[in-house]
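Undergrad: My questions will all concern the structure given below.
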Amino acid sequence: MNGANCACQNQNRADAEQERCLRNISIISFVVVELTEYLDTHPDDRDALSYFCYYNRMLNQMTAEYAAKYDPLNIAAAEACSKEWKWGLTPLPWEGRCF
């Protein structure tokens, strides 16, 4: 029984790590969307453009790392999983695999 508990704890830690990664991606994604909207109305703001470039690169890197470790979050990230085609194989949110 101890081995089963250990396996459950390991799975819980893995799920918590995946959830943390998703939360961080969501935060950075929000920043990128907000900066995009700001730049739509302030296209000459060089500081905002610099922030956008920085956070957009960060988002792309985080999304690619997530796709390589877990599953692609969007079709563009599916390329990061070049070992196999995972896009259509992962459970959908209504199939019980969302955080």
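The values are calculated or read from the model by the stated rules, or taken from the named source; none is laboratory data. Worth saying up front: this structure is predicted, and the values here are computed from it rather than measured. Here Cβ is always computed from backbone atoms with ideal geometry, including for glycine, and neighbour counts include all displayed protein chains.
Undergrad: Suppose we keep only residues that are hydroxyl-bearing (Ser, Thr, Tyr) and surrounded by 17 or more Cβ atoms within 10 Å (Cβ to Cβ) within region 52-69. Which one would you say is modelled with the highest pLDDT?
TA: If we take residues in region 52-69 being hydroxyl-bearing (Ser, Thr, Tyr) and surrounded by 17 or more Cβ atoms within 10 Å (Cβ to Cβ), then Tyr55 is modelled with the highest pLDDT.
Undergrad: Could you tell me whether Glu79 is modelled with pLDDT of 75 or more and in a helix (DSSP H, G or I)?
TA: When the stated conditions are applied, Glu79 does not pass them.
Undergrad: Here's another thing I want to ask about it. Kindly check whether there is at least one residue in region 1-23 that is at pLDDT below 95, over 22 Å from the mean Cα position of the chain (by Cα) and not in a helix (DSSP H, G or I).
TA: Looking for residues that are at pLDDT below 95, over 22 Å from the mean Cα position of the chain (by Cα) and not in a helix (DSSP H, G or I), one finds at least one in region 1-23, hence yes.
Undergrad: Moving on to the next point. Taking Leu73 as meeting all but one of (1) modelled with pLDDT of 85 or more; (2) assigned to a helix (DSSP H, G or I); (3) under 20 Å from Pro91 (Cβ atoms), write down the number of the exception.
TA: (2)
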